[in-house]
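Okay, structure first, notes after.
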Ligand SMILES: Cc1cc2nc3c(=O)[nH]c(=O)nc-3n(C[C@H](O)[C@H](O)[C@H](O)COP(=O)(O)OP(=O)(O)OC[C@H]3O[C@@H](n4cnc5c(N)ncnc54)[C@H](O)[C@@H]3O)c2cc1C
């Protein structure tokens, strides 16, 4: 990873070595097989849990390590640095467990967090619907209060990460449709509830081993105790959690960009064309010099945002700028790096090829680049 960063202590770097060893031993040798299958087996989740890679910030009282936020950043960086993005532990750890940590009742935390730490329960979050992605308040899935003790959910979701593997789905619903964004609530839905159904696994251009799916809710009954946070406060709750989610996307994107750069530097030192090393051409040097500079600037801003998150001052605007910059950078970097690989870069067997197709989603999911610009523009 980028040298000279100051946010990590030696113990974080020791943890980084453990995480890297895990991915090298358990993930990378199998990724081609899992990409072909379109899903990562639940067994890997349990192994990751046993190795301490899931939900490290969960307090010890709920089965976690009570680690500081930087441990979570290390996992995201190392995942990004594998050069593949399909093992979607970020959704499970940073988002789903993060929501339960921040908003859950004592009973919800005790029920779910210890099993999420172990990888026995896999989490997903379902906001997006076929007709409503960027405009979250336009969702149509409803949760009707039925007496005092339960909700009945009806609707459908799409593009849901971990949709096939998930045991627990935070489902964003309208509890008061007439109130628009003030009528949104978050409900915990267990995947074995009658009326809950998974649609097909959606084939994608990249992130092929991650299971992205449609979800259907037909009169799914959940107890009122499954309400996460406050009724009708869901939109504000999502908005308060989203900077952290965007920071983790930016972290993965920076690390993936770094990996693309590092493997390309190695490649151009080996490849010989017109009788000399590809890396000796000025075009190659200038391209890589530009990327190196952009990486250095990107890491510096990312580290500033991580420090702000830790001291509680990270704003929606800061996180939007981090996500916009890092995801746009990732797409530019993988494109330039693939170009330097020539035809070999287009071959699926080459890591840069997978990195190119995996990168594209970063500018869309978790809030598109256009939505980031809208948010940033509001601060002008
Ligand atoms: C691989 C993958 C995984 C995902 N995982 C999840 C998940 O786990 N859970 C979940 O809930 N969702 C998930 N999503 C959905 C993702 O968050 C949405 O795709 C994203 O928010 C964009 O919404 P949309 O697809 O409906 O696009 P639209 O909202 O229809 O946007 C279409 C275009 O319009 C642009 N646009 C939007 N608003 C404006 C505006 N005001 N001005 C100008 N242009 C605008 C967008 O940037 C985009 O270019 C995932 C998506 C993908 C592809």
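No value in this document is a laboratory result; all are computed from the given coordinates. What you see is a predicted model; the values in this text were computed from it and never measured. Using ideal geometry, Cβ is built from the backbone for each residue, glycine included, and neighbour counts are taken over all protein chains shown.
With both partners inside the chain, how many of the DSSP beta bridges are antiparallel, as a percent to the nearest 5?
Roughly 85 percent of the DSSP beta bridges within the chain come out antiparallel.
Helix 106-118 sits at what angle to the longest principal axis of the chain, using alpha carbons and giving 0 to 90 degrees rounded to 10?
30 degrees
Test of understanding: in a Gaussian network model of the chain with alpha carbons linked when under 10 Å, which of 116, 207, 239 would top the mean-square fluctuation ranking?
Largest GNM mean-square fluctuation: 239.
Expected output is a single nm value to one decimal: the length gained when fully extending between residue 193 and residue 292, i.e. 0.36 nm times separation in residues minus the C-alpha distance. What is it?
30.6 nm
For a quick check: sort 167, 146 by the number of other beta carbons within 10 angstrom, fewest at the front.
146, 167
Taking the beta-carbon count within 10 Å as an exposure proxy, list 12, 309, 92, 131 from fewest neighbours to most.
131, 12, 309, 92
Okay, helix-only estimate at 222 nm for the chain: each DSSP H run of n ≥ 4 adds -39500 (n - 2.57), divide by all residues, round to 500 deg cm²/dmol; what do you get?
Estimated from H runs of four or more residues: -15000 deg cm²/dmol.
Report the label-to-label distance for residue 269 and residue 14 in nanometres (one decimal), using points 7 Å from each Cα along the Cα→Cβ vector.
Between residue 269 and residue 14, the simple spin-label model gives 3.0 nm.
Give the peptides 97-107, 255-265, 30-40 in descending order of average Cβ contacts within 10 Å, highest first.
255-265, 97-107, 30-40
Rank these for me by crowding, 249, 306, going from fewest to most other beta carbons within 10 Å.
306, 249
For helix 316-341, what angle does its Cα long axis make with the longest principal axis of the chain, in degrees from 0 to 90 and rounded to 10?
Here the helix axis deviates by roughly 40 degrees.
Rounded, prolate or oblate: which fits the chain when a ≥ b ≥ c are the square roots of the eigenvalues of the alpha-carbon gyration tensor, with rounded for a/c under 1.5 and prolate only if a/b beats b/c?
Note, shape of the chain comes out prolate.
Pop the C-beta distance of residue 148 and residue 60 into the FRET formula with R0 = 30 Å and round what comes out to the nearest 0.05.
0.30
According to the square roots a ≥ b ≥ c of the eigenvalues of the Cα gyration tensor, what is the shape class of region 235-378, taking rounded for a/c under 1.5, prolate for a/b larger than b/c otherwise, and oblate for the remainder?
prolate
Using alpha carbons only, how many degrees (0 to 90, rounded to 10) separate the axis of helix 282-310 from the longest principal axis of the chain?
30 degrees
Mind running the shape call on region 10-121? Use the C-alpha gyration tensor, a ≥ b ≥ c as the square roots of the eigenvalues: rounded below 1.5 for a/c, prolate if a/b tops b/c, oblate otherwise.
oblate
Say R0 is 56 Å: what FRET efficiency, to the nearest 0.05, do residue 230 and residue 6 get from their beta-carbon distance?
The formula returns an efficiency of 0.90 here.
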